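One structure below.
Readers should treat all values here as calculations from the given coordinates under stated rules, not as data from a laboratory. Small disclaimer: the values here were computed from a predicted structure and weren't measured. Quick reminder, even Gly has a Cβ in these numbers, built from the backbone with ideal geometry, and neighbours come from all protein chains shown.
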Amino acid sequence: MDSASLKNPTDDTSRDSESSLCLVVDGGGTKTNCQMLRQQGAEFKVLGVGSTTGCNPAELGIEAAGRAILAAIRQATAEAGISDLSAIDRAALAVAGTLDDTIRSQLETQLAALFPAKACRVFPDVLPYALHGPDVEQSVAVVAGTGSVAIARQSLNTYSLVGGWGYLLGDEGSGYAIGREALRLALMQLETGVPISPLTDRVLGMVQAKCAADIKRYVYGGEPPRRSIAAVARTVIELQAAGSPECDHLLDRAATSLASLARRAASMVDTPWETISISGTGGILTAGEVVWGKFEKALQVLGHHGPVEQLDCSMTACRQLLDRQVFAAPFSIQS
């Protein structure tokens, strides 16, 4: 990372007991959330919140991403009654599409011109989930939403990314993968003429299809409908709760895939697989007790017996980036 683009981050841990104004942003492809905070020691008080459209610079470009982030920041600071943005001590922004050092540096430079906080850093959106607190140096986090990825924390400033290959090559266990399998099941039922299941009936309604040809046109007729296919996963989860055995099977397969992804990530660190700390988050792994329970069981089947934590609030995870040691440290992510 280009340190010249940062606004004088400090690692003066003696200031941790003082009250300071801080800001966190969780920026994804579809939504950008912001919290204006007052930090007192290890405690945070939310002063204001903001939300706007997605801010992935790899999709939107640097300038558009910066504008989206600034819009969320302005909402949060306005709600907090803070007009002097230079009073903000640290701003930590976890943003999708910033794994590339150049993109991350350019976005920081863009924000520096728009947002006069004392210190502002951009982090890849997956990084906060690998931070399991000051007493855990090595850990693994699995993020399963539209896509899937795992990140292994090897040390304070060294991480490895596993998976995240995109919907054509990977994303196993993700919402997209679950939705794709539901569509495949619907196609097989329609082709063979067997009675359609409740899942297929719901899928046909979601994609406005009456036959197999309609499903294929929906998938291949234009820009790949990744997010709408991933949205089918919610229906799978809902019908599993209603007793659907085929949906239960699809969720078992997804949980097994995500547990295998965690194990691959754990191979990047020295801590034994059996005891390493693992966290899980994203729309799939926080969709309910059933999915999370299947993930925990799949980890155990693979021999893992260490701590497993569900992170159901991305903003809480992002706050870990405000730790002065984490905030100030350079970092590298191998992928």
Degrees between helix 62-80 axis and first principal axis of the chain (Cα, 0 to 90, nearest 10): 70 degrees
If you restrict to DSSP beta bridges whose two residues both lie in the stretch 3-125, what percentage is antiparallel, to the nearest 5? 65 percent
List nothing, just return the count: lysine pairs in the chain, 8 or more apart or interchain, with Cα separation under 25 Å. 4
With a/c under 1.5 counting as rounded, go ahead and sort the stretch 115-268 into rounded, prolate or oblate using the C-alpha gyration tensor (a ≥ b ≥ c being the square roots of the eigenvalues; past the cut-off, prolate if a/b is larger than b/c, else oblate). prolate
Distance between Cα centroids, the stretch 150-207 to the stretch 12-88: provide it in whole Å. 32 Å
What fraction of the DSSP beta bridges in the chain is antiparallel, stated in percent and rounded to the nearest 5? 60 percent
Can you work out ³J(HN,Hα) from phi for every residue in the stretch 123-130, in order, using Karplus 6.51 cos²θ - 1.76 cosθ + 1.60 and θ = phi - 60°, giving whole Hz and x for Gly and Pro? 10, x, 5, 7, 4, x, 6, 8
Quick one: 3J(HN,Hα) in Hz for the stretch 199-211, Karplus 6.51/-1.76/1.60 with θ = phi - 60°, rounded, Gly and Pro as x. 5, 4, 4, 5, 4, 4, x, 5, 9, 6, 10, 10, 8
Size of electric dipole in the chain: Cβ of Lys, Arg +1 and of Asp, Glu -1, about Cα centre, debye, nearest 20: 660 debye
The stretch 178-241 - Rg and Dmax from Cα coordinates, angstrom: 10.9, 33
Hull volume in cubic angstrom per residue (convex hull over the Cα atoms of the chain): 135 Å³
Glu137 versus Thr53: modelled label distance in nm, points set 7 Å from Cα along the beta carbon direction: 4.5 nm
Starting from the Cα gyration tensor of the stretch 13-159, take the square roots of the eigenvalues, sort them a ≥ b ≥ c, and report rounded, prolate or oblate (rounded when a/c is under 1.5, otherwise prolate if a/b is larger than b/c, else oblate). oblate
Note on the stretch 243-335: the mean projected area of its alpha-carbon convex hull, in nm², is 7.2 nm²
Starting from the Cα-Cα distance between Asp101 and Ser19, subtract it from 0.36 nm times their residue separation and give me the gain in nm to one decimal. 26.3 nm
One finds, for Leu168 and Gln40 with R0 = 35 angstrom and r their Cβ-Cβ distance, a FRET efficiency to the nearest 0.05 of 0.15
Taking a quarter of the surface of the Cα convex hull of the stretch 104-191, what do you get in nm²? 8.5 nm²
